[in-house]
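These notes are about the structure you will find just below.
The values are calculated or read from the model by the stated rules, or taken from the named source; none is laboratory data. Small disclaimer: the values here were computed from a predicted structure and weren't measured. Here the Cβ is made from the backbone with ideal geometry for all residues, glycine too, and neighbour counts use every protein chain on show. To get the accessible areas, we keep the full protein, side chains included, count just its heavy atoms, and leave off ligands, DNA and RNA. Shrake-Rupley method; radii C 1.70, N 1.55, O 1.52, S 1.80 Å.
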Amino acid sequence: VIRCRAAVAWAVGKPLSVEEVEVAPPKAGEVRVKIVATGICRTDDHILEGGFPDVEFPVIPGHEGAGIVESVGEGVTSVKPGDKVIPLCIPQCKECTFCLNPESNYCLKAHLSEPQNLLPDKTSRFTCKGKQIHHFLWVSTFAEYTVIPEYAIAKIDAAAPLDKVCLLGCGFSTGYGAAINTAKVKPGSTCAVFGLGGVGLSVVMGCKAAGASRIIAIDINKDKFAKAKELGATDCISPHDFKKPIQEVLTEMTGHGVDYSFEVIGHADTMTAALASCNMNTGVCVMVGVVASGSVISVDPMLLLCGRTWKGTLLGGWKARESIPKLVSSYLEKKFNSDLLITHTLPFAKVNEGFELLRAGK
């Protein structure tokens, strides 16, 4: 058993509490990882706000990390102690019907099919003050050591800087892949990106990499505009500067709406605005943001009847265990610079300050 620090969420609405926890050794098919760095993703904030009713408390959140394998359980063959790895918030068992489908990046072991509050054998590897602590998405990167099933872990290049590539565990891969894999943005096309947090800015990078000629970035926080332009946005607009709905503004700017739109906020009203802002016949709208649990979106069916495509994306459409290591190699080859998304680097004890910066849009 390893004793180490972890940021525990004891209850909804409470700040994280940095505690000493005990982390049990990995059982068969499991890997124990020393987490070196973790990003803070809005999804972790949704847990603290109670936005995921199927997440059980107390829990150790975090799902955007990178680390080094400390030990492996019986039967583990894809990684060994000392390997650099990225934990995966969408597993890839390589056996289920979804994993065997070349067009799918979902896995039937993922959280949407079966809760991942405990490891697959329905027990936890975390205890604190004598209490069982739940896992989150099987990764729980807000712990200095964590135990993860082998099929939710990807071995990456030994040269990768873990404090930079941890972003590839969720945010960067989700946004970049939404443009490249899910929308399949074509060269010369026009794109609109709603929301310029880390994931939205990654969408901008993906649109640019795919050769889009015009990328319109939309946010109510104008402090985000300089970074968006640095990463490839050609236009930056705030809905607050117009008296008419933003979809009308975008249609006027482009003639018949954009070719591709991306909603990277997670609000029902911006979802419908993003859908309405793309071309009525050939436009593609991709839902990237996570809407609050229980939300319902009402849509005029004519928006879709004319031919628009509305689709969602999970982890940017990447088959995680196969693709994340390739993305890390692309990072090392300087095919993209995700380092530009990093605004602050904090010691682990200041994890709550990180959330305050996130909520403040900083």
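Worth a mention:
- Max mean-square fluctuation residue, GNM over the chain, Cα-Cα springs under 10 Å, options Ile133, Ile216, Ile297: Ile297
- The chain, relative contact order [Cα under 8 Å, separation at least 6], %: 17 percent
- Of Lys80/Lys350; Lys208/Lys362; Lys27/Lys334; Lys94/Lys184, pairs whose Cα-Cα distance is over 26 Å: Lys80/Lys350; Lys27/Lys334
- The mean sequence separation of alpha-carbon pairs under 8 Å and at least six residues apart, normalised by the residue count of region 156-214, gives a relative contact order of 41 percent.
- Looking at region 61-104, the GluC sites (Glu not before Pro) that sit in a DSSP loop and have at most 16 other Cβ atoms within 10 Å of their own Cβ are Glu74, Glu95, Glu103.
- Fraction in percent of alpha-carbon pairs per bin - 20 Å, the chain: 31, 57, 12, 0
- Sorting Leu346, Leu100 on solvent-accessible area from highest to lowest, probe radius 1.4 Å, gives Leu100, Leu346.
- Under a Gaussian network description of the chain, with springs only between Cα atoms under 10 Å, the residue in Lys335, Lys84, Lys208 that fluctuates furthest is Lys335.
- Relative contact order (percent, whole number), region 175-314, Cα cutoff 8 Å, 6+ residue spacing: 22 percent
- Taking only protein heavy atoms and a 1.4 Å probe, the accessible area of the chain is 54% carbon and sulfur.
- Amide H within-cut-off set for Ser71, under 5 Å, with H built and near neighbours excluded: Arg32
- Where the chain is the region considered: accessible area per residue in Å², 1.4 Å probe: 43 Å²
- Placing +1 on the Cβ of every Lys and Arg and -1 on the Cβ of every Asp and Glu, with nothing else charged, gives the chain a dipole about its Cα centre of roughly 500 debye.
- For Glu19, net neighbour charge (Lys/Arg +1, Asp/Glu -1) across residues whose Cβ lies under 9 Å away: +1
- Taking Lys and Arg as +1 and Asp and Glu as -1, the other residues whose beta-carbon sits under 14 Å from that of Ser277 total -4.
- Charge sum, other residues only, whose C-beta stays under 14 Å from Met287's C-beta, Lys/Arg counted +1 and Asp/Glu -1: 0
- Only DSSP H runs of four or more residues enter the estimate; each adds -39500 (n - 2.57), and after division by the residues of the chain the mean residue ellipticity at 222 nm equals -6000 deg cm²/dmol.
- Size of charge dipole - region 175-314 - debye, nearest 20, with Cβ of Lys, Arg +1 and Asp, Glu -1, no other charges: 320 debye
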